[in-house]
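The block underneath contains the structure these notes are about, expressed in structure tokens.
The values are calculated or read from the model by the stated rules, or taken from the named source; none is laboratory data. Here the structure is a predicted model, which means the values were calculated and not measured. Positions of Cβ are backbone-derived with ideal geometry, glycine not excepted, and every protein chain shown enters the neighbour counts. These area figures cover heavy atoms from the full protein model, side chains too; ligands, DNA and RNA do not enter into them. Shrake-Rupley method; radii C 1.70, N 1.55, O 1.52, S 1.80 Å.
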Amino acid sequence: MGAKVLERFPAGAPRGSWPAEEYAARCRAEGEPATVVMDLKSDAFLVVVPARDED
């Protein structure tokens with residue numbers, strides 16, 4: 001199972017700011033099953049959704 005990256009956010013957001021979580025929450029409110037994961041290699045938070053099978 002793969003994932004599609006919707007958006008990426010740098011990990012250095014100001015204290016108390018969670019832009020990736022806020023973006024994922026807006027996506028979930030619109031019906032997308034978005035989650036936030038950390039990409040350690042690029043030091044960024046990624047908002048992802050499960051990849052859909054394109055037939």
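Quick notes on this one:
- The chain: GluC sites (Glu not before Pro) falling in loop per DSSP and having at most 16 other Cβ within 10 Å: Glu30, Glu54
- Rounded to the nearest 10 degrees, the inclination of helix 19-29 to the longest alpha-carbon principal axis of the chain is 30 degrees.
- Distant-in-sequence amide H partners of Glu7 (H built 1.01 Å from N, under 5 Å): Val47
- Loop-located trypsin sites (Lys or Arg not before Pro) in the chain whose Cβ has at most 16 other Cβ within 10 Å (DSSP): Arg15, Lys41, Arg52
- Rounded to the nearest 20, the Cβ-based charge dipole of the chain about its Cα centre (Lys and Arg +1, Asp and Glu -1) stands at 240 debye.
- Accessible surface area normalised per residue over the chain is 79 Å², counting heavy atoms of protein chains with a 1.4 Å rolling probe.
- Most mobile of Ala44, Ala34, Ala20 in a GNM of the chain (Cα contacts under 10 Å): Ala44
- Cα gyration tensor, the chain - rounded (a/c under 1.5), prolate or oblate: oblate
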